[in-house]
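Engineer: Handing you a structure now.
Laboratory data are not the source of any read-out in this text; all were calculated from the coordinates shown. Given the structure is predicted, the values throughout are model-derived calculations rather than measurements. Reconstructed Cβ throughout: ideal geometry from the backbone, glycine too, with neighbour counts over all protein chains shown.
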Amino acid sequence: MPNQLTNALVLGLLCTLQPGCKPQEEISTYTIPRTTPPRQPMSPQEVANQLDHMVAAIVPQGDQAWFFKLTGSATVVDRHRDSIIKFFATVTLDESGKKPPTWKTPEGWEERPASEMRLATLVIPDKDGPLELSVSGLPLSGDWDEYLTSNVNRWLGQLKQGPMRSETVKKLAKEIPTNGAKATFFELVGIMQRPAGANPHAGMAHGKEQPPAARPQEKAPANTENAFLDFDTPEGWLPGRMSTMRKAAFRVVVAESEGEVTVIDLPTSGGGQVADVEANMLRWAGQVGLATDAEAIGKLVRKVTVDGAEGSYAELMGPEGASRHDAMLVAMIEREGKVWFIKMSGPSALVTAQKEAFREFLDSIRFK
């Protein structure tokens, strides 16, 4: 009897495992409409066109380096890349090393006067909005490869990209011959940081938008709260475009003319020509089209005192026959390991009319 029960259980189990011992399960299929359209294949070219390209060249000159830099969309940069590289080939360095570089501005480009630490801004017209190629100078120090790597990684940060090793930066670098020098050229890709709602590429330079148009009804307070300085704001001066370098900034608008006042500081430990009065004055004179030499510039420089610290002051008026009659009021104050650069730039008539206000502004400054 036990054997018969065991055999029955085994047979039952085998039957269960056999397909023919139980009803076949039915498989049902249904067709329902899609709730969302199918995703279209991604176009690599379309993705590439949404990225920003930064084109930059570094030209060494003694203990200074000159930076030429432009940022724009891939499609816009593609349209102008050849003309930009040809422009670099026209850059000419002064043999004495005391004057800023010169160049030949391509037809259709507009050269704007200096501002802040820029030697010039070159505006390139385009159907999608103008591009700005900035020209600026910074002290050159340390190992050249390390210098390139630090600047490239700084730019990559602006493009929301991670840093690169020095070996990778060397592979990206291209040498472009200029008129008497060599430019180290880079083209970097990423997504440029910019304020929310800003036009992605029109008027973009160093990742910044052009300042908004002046509004005559704006009024600046007589005394402005500032983390670095105390000062009295002259009548008619409006809040200007700030940046990480600027400790104060103003716009001066009179009729159709507009000037700019900036206050920045740089450490004297940076080397180069940061604290060199003659070299800086010659550079600024060149920015307003004033052809002069060391002896002539020495006659223009006067002593000035700001908050007890002695410095140098000059009024640099561009030649009247120039296409843009620009001028600059400049003061250099060396204090506690830093050089403070206080400048007003703009059309000559406006700057001349603002001389007294600028001197009153200097007299009111108190360093914190």
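Engineer: When the stretch 55-110 is examined, which residues are found to be over 19 Å from the mean Cα position of the chain (by Cα), among the basic types (Lys, Arg) and closer than 16 Å to ALA183 by Cβ?
Structural biologist: Scanning the stretch 55-110 gives LYS86, LYS104.
Engineer: Then there is this: If you check VAL59, VAL77, VAL55, which single one turns out to be outside any strand (DSSP E or B) and surrounded by 16 or more Cβ atoms within 10 Å (Cβ to Cβ)?
Structural biologist: Result: VAL77 is the single residue among VAL59, VAL77, VAL55 that is outside any strand (DSSP E or B) and surrounded by 16 or more Cβ atoms within 10 Å (Cβ to Cβ).
Engineer: Let me ask something additional. Looking only at the stretch 326-362, which residues are of a type outside the set (Gly, Ala, Ser), free of Cβ contacts under 8 Å to residues at least 40 places away in the same chain and under 24 Å from GLY298 (Cβ atoms)?
Structural biologist: LEU329, ILE333, ARG335, THR352, ARG359
Engineer: Regarding GLU295, is this residue free of Cβ contacts under 8 Å to residues at least 12 places away in the same chain and either surrounded by 14 or more Cβ atoms within 10 Å (Cβ to Cβ) or more than 19 Å from ALA248 (Cβ to Cβ) (or both)?
Structural biologist: The answer is yes for GLU295.
Engineer: Quick one: how many residues across the stretch 241-259 are of a type in the set (Asp, Glu) and either farther than 17 Å from ARG112 by Cβ or in contact (Cβ under 8 Å) with a residue 60 or more places away in the chain (or both)?
Structural biologist: Qualifying residue count, the stretch 241-259: 1.
To keep it simple, each residue is scored yes or no on (1) of a type in the set (Lys, Arg); (2) in contact (Cβ under 8 Å) with a residue 12 or more places away in the chain; (3) in contact with a Lys or Arg (Cβ under 8 Å, 6 or more places away or on another chain).
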residue: ASN151; (1), (2), (3): no, yes, no
residue: LEU159; (1), (2), (3): no, yes, no
residue: VAL169; (1), (2), (3): no, yes, no
residue: ASN179; (1), (2), (3): no, yes, no
residue: LYS182; (1), (2), (3): yes, yes, no
residue: PHE185; (1), (2), (3): no, yes, yes
